[in-house]
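Let me begin by presenting the structure, written as structure tokens, before commenting on it.
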Protein chains: 2
Amino acid sequence: MKLFGLAVSNYYNTVKLALLEKRLDFEEVAVAPAQTPEILEHSPMGKIPYFQHQGQYICESQAILFYLEVYQPTPRLYPTSAARAALAQQIHQFIDLYVDAPARRLLGMAFFGQPHDPEMIKAVDQELKHNMSALNSIISVSPFIAGDQLSHADLAAFTTFGLVQAIMEQTGGSDPLASIPGIGVYMEMMSQRPSVQRVQADQAAAMKQLFGGNSG
Amino acid sequence: MKLFGLAVSNYYNTVKLALLEKRLDFEEVAVAPAQTPEILEHSPMGKIPYFQHQGQYICESQAILFYLEVYQPTPRLYPTSAARAALAQQIHQFIDLYVDAPARRLLGMAFFGQPHDPEMIKAVDQELKHNMSALNSIISVSPFIAGDQLSHADLAAFTTFGLVQAIMEQTGGSDPLASIPGIGVYMEMMSQRPSVQRVQADQAAAMKQLFGGNSG
């Protein structure tokens, strides 16, 4: 199994967490998103992550996650009851569509030197407040985000919440996690998992490589 | 089981097709998307479709589809092999994110009297050409869109292709399906299914009710 992409990406890290939780052997290949023939051949939208196993290439993190679940069902990341399965999927959709997507509009301002646009920052800030409240109304942190078992929704939540919080901090917006009471305890619990510690260490190293080590 | 939403919506119809294919008993409740307390209580982003069964409300069509699959596994709409399951999920993501989403920006111009913006129409037209070519490179119409069995990707493809084609026709753009050779035969095959015929008849009646019957 080969995972292609960058260790700074929340989508990449969501898939990487699934590979680690399922104790699968995999190789990481550092590839930046690009519209080059080499990338497009295996990821037709030029995006990362993408994944290769047994001659098949798969892109879209939700498709890779589902592949891993069917290939290696234990430990389960897709709940077996219809009610829990639907809740985890619903939470994952909310995170991708209503948390990641709006915050991503500020990625250039937060990390790549694009001039700050106060109106856009304010608009995203308000959209995130609204959407995080909506998310809060469907989650059930008990102790995991879709119930008593770890699921794919936790992997997306942890990696995306971290990114979105960093984006809003860098752009002077408000803390998007403030709309979810008790989420600090959840993030702390997640950060104790060996899989998460590995991903966070690799992400920090990749950030340092990308932006230089001059923060100290 | 209750399905809430509008029979003019491709997302609503994707879920309705799954209910019909699985021969489940369900009731349809006509509800428009809205930011009212009544809707937000059950669909926290105010969107349709949403779904209710055994006291649980679920929104996001991909979450409802997965609920139905776990609750009633036959006939299967999620392939059982990892490779096919991933392909169907990848195609479904492409359709939602890269086909529906860009075309949806022209929905107001196509159907709700919003003044045509030639630059935006051109931009969407080009984006769709690019994205439909990308989709074409991953699909395998043999005879279904992810292989030899009907899958959830077919339900999303049929309903969304129909919408996107109508949007581009109404706004004077080019036929987005032209990037997928042989797709006409596929659409014709799909339109022979009793589930599809029911959904299309209901959609036509809903369109007539929404826009009036003055087209003849």
What are the ³J(HN,Hα) values, in whole Hz, obtained from phi via the Karplus relation 6.51 cos²θ - 1.76 cosθ + 1.60 with θ = phi - 60°, for each residue of the stretch A:147-163 in sequence order, with x given for Gly and Pro? x, 8, 10, 4, 9, 4, 5, 5, 5, 5, 4, 4, 5, 6, 4, x, 5
Output row for A:PRO194: copy-to-copy label distances, label 7 Å along Cα→C-beta, ascending, in nanometres, one decimal, is 5.4
One finds the C-alpha centres of the stretch A:39-98 and the stretch B:108-139 to be spaced, in Å, by 27 Å
Accessible-area loss of at least 40 Å² (1.4 Å probe, chain alone to full protein assembly) applies in the stretch B:83-124 to B:ALA86, B:GLN89, B:GLN90, B:GLN93, B:PHE94, B:TYR98
Taking the Cα atoms of the stretch B:2-71, what is the range of coordinates along each of the three principal axes, in descending order and whole Å? 32, 25, 19
For chain B the mean separation of alpha carbon contacts under 8 Å (6+ apart) over residue count, i.e. relative contact order in percent, is 22 percent
Which order, highest average first, do A:92-98, A:18-24, A:34-40 follow once you tally other Cβ atoms within 10 Å for each residue and take the mean per peptide? A:92-98, A:18-24, A:34-40
Applying a 10 Å radius around every beta-carbon, put B:153-161, A:117-125 in order of their mean neighbour count, most first. B:153-161, A:117-125
Cα gyration tensor shape for the protein assembly as shown, rounded if a/c is under 1.5, else prolate or oblate: rounded
What does the stretch B:59-216 give for Rg and for Dmax, in Å, if only its C-alpha atoms count? 16.3, 49
Ballpark to the nearest 100 Å², how much total accessible area do B and A bury together, probe 1.4 Å? 2800 Å²
Tell me the per residue accessible area of the protein assembly as shown using a 1.4 Å probe; a whole number in Å² is fine. 44 Å²
What residues qualify as long-range amide H neighbours of A:VAL29, i.e. H under 5 Å apart, gap of 5 or more or another chain, H built at 1.01 Å from N? A:LEU3, A:PHE4, A:GLY5
With a Förster distance of 30 angstrom and the Cβ-Cβ distance between A:GLN126 and B:ALA178, calculated FRET efficiency to the nearest 0.05 equals 0.15
Debye-sum result for the stretch A:5-45 in log10 I(q)/I(0), which assumes one identical scatterer on each alpha carbon, at q = 0.33 Å⁻¹: -1.10
How many Cβ atoms of partner chains, on average, are near each residue of B:43-54 if near means within 10 Å of its Cβ? 3
Tally up the carbon and sulfur contribution to the accessible surface of the protein assembly as shown as a whole percent, 1.4 Å probe, everything protein left in place. 53 percent
If you take the square roots of the eigenvalues of the alpha-carbon gyration tensor of the stretch B:134-216 and sort them as a ≥ b ≥ c, do you get rounded (a/c under 1.5), prolate (a/b over b/c) or oblate? oblate
Tell me the distances, shortest first, between A:GLY182 and the same position across the other copies, using label points 7 Å along Cα→Cβ, in nm to one decimal. 5.3
Which distances, shortest first and in nm, link B:LYS129 to the matching position in the other copies, using label points set 7 Å out along Cα to C-beta? 4.3
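The values are calculated or read from the model by the stated rules, or taken from the named source; none is laboratory data. Because the structure is predicted, anything quoted here is derived from the model rather than measured. Cβ coordinates were reconstructed from backbone atoms using ideal geometry, including for glycine residues, and neighbour counts include every protein chain displayed. Just the protein is used for accessible areas: all its heavy atoms, side chains included, with ligands, DNA and RNA removed. Shrake-Rupley method; radii C 1.70, N 1.55, O 1.52, S 1.80 Å.
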